[in-house]
Each structure stands twice: as structure tokens, then as C-alpha cells.
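**Student:** Here it is, the structure, as C-alpha cells.
Every read-out reported here was derived from the displayed coordinates using simple, explicitly stated rules and does not represent laboratory data. Fair warning: this is a prediction, and the values are worked out from it, not measured in the lab. We place every Cβ from the backbone using ideal geometry, glycine too, and count neighbours over all the protein chains shown.
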Amino acid sequence: MIPVLKRIFRTGILTEPLPEAVAGPQREIDRLHDEILGILGRALTIREVDAGSCNGCELEIHALNNPYYNIEGRGIKFVASPRHADMLLVTGPVTRNMENALRIAYDCTPDPKLVVAVGDCGCNGGIFGESYASCGAVDNVVAVDVRIPGCPPTPVALMQGILAAVSRR
């Protein structure tokens, strides 16, 4: 152990210095959070529905909850039941097996409800389109208020889409 510690002290720090703090994206994130809460005046609850996606959009949605974006720390929460949700965040092309489940989730969400289609697949069916196994875009099954294009959309784009939906309310 002592030889290893001596070698560490002799070698010194080998990592590169910390980068300069980039305030641009963080300012945009803070602005979006503040604007969403300013419009709502309370917490926004979101039910995320995977209607048959490849999980690329889900990874970006999960990133919204990490310490960098911290969307839940600002009062925007994901809930397990559509009965407690203000917004449905739907990803993927709607598969035939998920068509009925999406309609049930939509019907269970209390009015006034918002529906946001996420990703190219949710907006227009993406590479899957409409087929025997897919209904295609989300708006082929339920009414959509806002579409967030991208494959997958970035977390900032997701927050901008959520803001666009909330400001329509």
C-alpha cells in the first residue's frame, strides 16, 4: 500500500483541468422550468406511455430526472397512473397491441388533458409507419396537442415541447 501511495504522490495529477462552466444550456433549462411553473402555478403531473417505441425516447425522458435537468425538483412529476396525470407523454408508433391501452389511458386522464407525441415515431410513425402491426402516429389513435420531433429528441427539446403544451392550456 505504501509503495502505491508514494507512486501516486510522485506522479501527481494526471487528469485534465475542469472545463469552464457553460451557462448557456443551464440558463435555458432554468428558464423553461420557471416558465412552466409560472404558467401552471402548481406542479405538472405527466404519465409517460410507451406505445411501442425502441426506447430511445424513453432514455431522453429519463434524462429529464437526472441531477443536470432535475425536472422533478422543479415541480414537474411523473406519475404511475393516468388518473393522476395532467399530460400524457406518448412515445413510439402505436402498435396494434397498445392501441386499446392508449385509448384507455387517454380516457382515464382527467380533463383538461394534454397529449404530447414524442419522437419521429410518435409524430408520424417514423420508420415503422402504418402496417398490419402498427397504427402509425399517435394522432391516428388519440388527439395530440403538441408533437416533439427528433430521433430521439433531446431533453431540452422535450422541455420545450412540454412548455408549448402547457402554454396552450
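**Student:** Once you list every other residue whose beta carbon is under 10 Å from the beta carbon of R74, what net charge do they have if Lys and Arg are +1 and Asp and Glu are -1?
**Tutor:** Once all neighbours under 10 Å are counted, the net charge is -2.
**Student:** Based on other C-beta atoms within 10 Å, arrange F128, F9 from fewest to most.
**Tutor:** Ordered from fewest to most neighbouring Cβ atoms within 10 Å, F128, F9 come out as F9, F128.
**Student:** Separate question: If each of R42 and E130 carries a label point 7 Å out from its Cα toward its Cβ, how far apart are those two points in nm?
**Tutor:** Reported label-point gap for R42 and E130 is 3.9 nm.
**Student:** Moving on. Taking all pairs of different Cα atoms in region 117-169, averaging 1/r and flipping that mean, what Kirkwood radius in angstroms comes out?
**Tutor:** Kirkwood radius, region 117-169: 11.4 Å.
**Student:** Go through M98, S81, H62 and say which Cα lies farthest out towards the positive end of the charge dipole of the chain; charges sit on Cβ, +1 for Lys and Arg, -1 for Asp and Glu.
**Tutor:** My answer, from the dipole projection, is H62.
**Student:** Ranked by Cβ crowding within 10 angstrom, fewest neighbours first, how are K77, K113 ordered?
**Tutor:** In order of increasing Cβ crowding within 10 Å: K77, K113.
**Student:** Which order results if R74, R83 are arranged by neighbouring Cβ count within 10 Å, fewest first?
**Tutor:** Least crowded to most crowded, the residues run R83, R74.
**Student:** Skipping prolines and chain starts, which residues have an amide H placed within reach, meaning under 5 Å, of the one on C135, given they are 5 or more residues away or on another chain?
**Tutor:** Hits under the 5 Å cutoff: V94, T95, R96.
**Student:** Something else: About its Cα centre, how strong a charge dipole does the chain have in debye, to the nearest 20, once Lys and Arg get +1 and Asp and Glu get -1 at the Cβ?
**Tutor:** In total the dipole reaches around 540 debye.
**Student:** Could you tell me which label, among (1) 116; (2) 199; (3) 170, carries the value of volume of the Cα convex hull per residue in Å³ calculated for this structure?
**Tutor:** It is the one labelled (3).
**Student:** Report the label-to-label distance for E35 and A101 in nanometres (one decimal), using points 7 Å from each Cα along the Cα→Cβ vector.
**Tutor:** Inter-label distance under the simple model: 3.4 nm.
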